[in-house]
Amino acid sequence: MRHISRIPAPLQRPGARRGGAVLAAAGALAALLLAGCATQAPVPCPVCPGEKAAVPAPPAAPPLQPARFDDLPGWQDDDLAAAWPGLLNSCKGMKSRRDWPLWRGACEEAATLGTPDSATARRFFESRFTPWRLVNPDGADNGLITGYYEPMLNGSRQRISPNQHPVLPVPADLLTIELSDVFPELKNLRLRGRLQGNKVVPYWSRAELAPREAKMGEKAIAWVDDPIELFFLQIQGSGRVKLPDGSLLRVGYADQNGHPYQSIGRVLIERGELKPEQASMQGIQGWARANPTKVQALLNENPSYVFFRELKNADGGPIGALGVPLSDARSLAVDPRTTPLGAPVFLATSWPNEERPLNRLMLAQDTGGAIKGVVRADFFWGFGPDAGSLAGRMKQKGRMWVLLPPGAGPR
């Protein structure tokens, strides 16, 4: 099972910062966060008799280390032309960024090459980019590679049998506060909550939202027929709903309730209801079919809840965190703290549940709530049941190299 929640950078809704009380509360919370995260310098003191001096922890390995294209396994064999549409999309998504000048030259040249063959694409990447090996703090260059996809659900615009489970939009009372507005050192951290009087308190958890769904469903985007499929839609972060007339409604991630994601697969393993090798997406779906009366209680073990928006792009892949359509089997969700969104990433892993190598140039175009760490990625397989079968079984070891233009790498 994918232990992730498909959570691109949250959208800032109009009115999300509401008055001085909210900012004051955010400031107070940010101060507490800073105080809680502060560390004190060690105070020198002699070693007590009979005790050993503490051994300092080794320094963390630099996350990006120099590499050569010859270091990339299968670089010469990959069809790099297949990654070209994703590269052009990445260039579109980076134009408004502060680091765009570093990417401009490569992106402008890519736009002039039309639809290159693999050899031409390879020459382009080797002349315009430098590979950097991604390394975890402990020095290891192996990490976890999971998969995700765009599912299909059955539903309707109105609550009619059997469609009883709402796909909810962002609630009007959900506050999203950028903490960097108060403390710049908290860049990329945001607070989600709701107002209770003049205080900001945590937003409702999944268990607390469950009895409120019917009322909140008055503004639902759609209603679907299966709660476990809706749960997995929230994990994937985007999907399509097939309506009674056969038309498709596309939805994508809009925001999240601020609670951390907890794996229901791990819960089932700890309870002894599934073996570790059975805790894939398919295994959990099978358990839910066999235990319909226990499903909601299981889902409530994960306090995280995702809200959606209706997407208008009928063609192409779902929109990722970069703001551009994802490319089937060529887009990755990454941790943007070390792998910049938009960058080409060469991935060396294996096919789901196989030892067959899967070495491929990908584009970092998405993020995920559980995609945390240097060598950590989520492989987007595409739309439909075949993609879902691959995504649900993917839990592989892998290595990653990020390709950066001159000046964009570590100094």
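Taken together, the values in this text are just the output of simple stated rules run on the coordinates, not laboratory data. Predicted, not measured: the structure shown is a model, and the values here were computed from it. With ideal geometry, Cβ positions are generated from the backbone for all residues, glycine too; neighbour counts draw on all protein chains shown.
Observations on the structure shown:
- Amide H contacts under 5 Å for Ala364: Leu332, Gly342, Ala343, Val345, restricted to partners 5 or more places along the chain or on a different chain, H placed in the peptide plane at 1.01 Å from N.
- Note, ³J(HN,Hα) from phi for segment 154-165, Karplus 6.51, -1.76, 1.60, rounded to Hz, x at Gly and Pro: 9, x, 8, 6, 10, 7, 10, 4, x, 8, 10, 10
- For segment 208-214, 3J(HN,Hα) per residue [Karplus equation, 6.51 cos²θ - 1.76 cosθ + 1.60, θ = phi - 60°, Hz, x = Gly/Pro]: 6, 6, 3, x, 9, 4, 4
- Average Cα contact separation per residue, segment 149-311, under 8 Å, 6 or more apart, as relative contact order %: 32
- For the residue pairs Lys95/Lys372; Lys275/Lys397; Lys95/Lys199; Lys215/Lys294; Lys219/Lys312, alpha carbon separations beyond 27 Å are given by Lys95/Lys199.
- Each peptide in 80-90, 118-128 was scored by the mean count of other Cβ atoms within 10 Å over its residues; highest first, the order is 80-90, 118-128.
- Taking the average, over residues, of other Cβ atoms within 10 Å as the packing measure, peptides 366-374, 166-174 rank 366-374, 166-174 from highest down.
- Paramagnetic reach from Arg356 (point 7 Å along Cα→Cβ, amide N under 19 Å) across segment 116-151: 145-148
- 5 angstrom amide H check on Gly384, placed H, neighbours 5+ away: Glu150, Met152
- Inter-probe distance in nm under a simple model that places probes 7 Å from Cα toward Cβ, at Gln196 and Asp173: 1.1
- The protection proxy used here, the mean number of other Cβ atoms lying within 10 Å of each residue, ranks peptides 238-244, 154-160 as follows, highest first: 238-244, 154-160.
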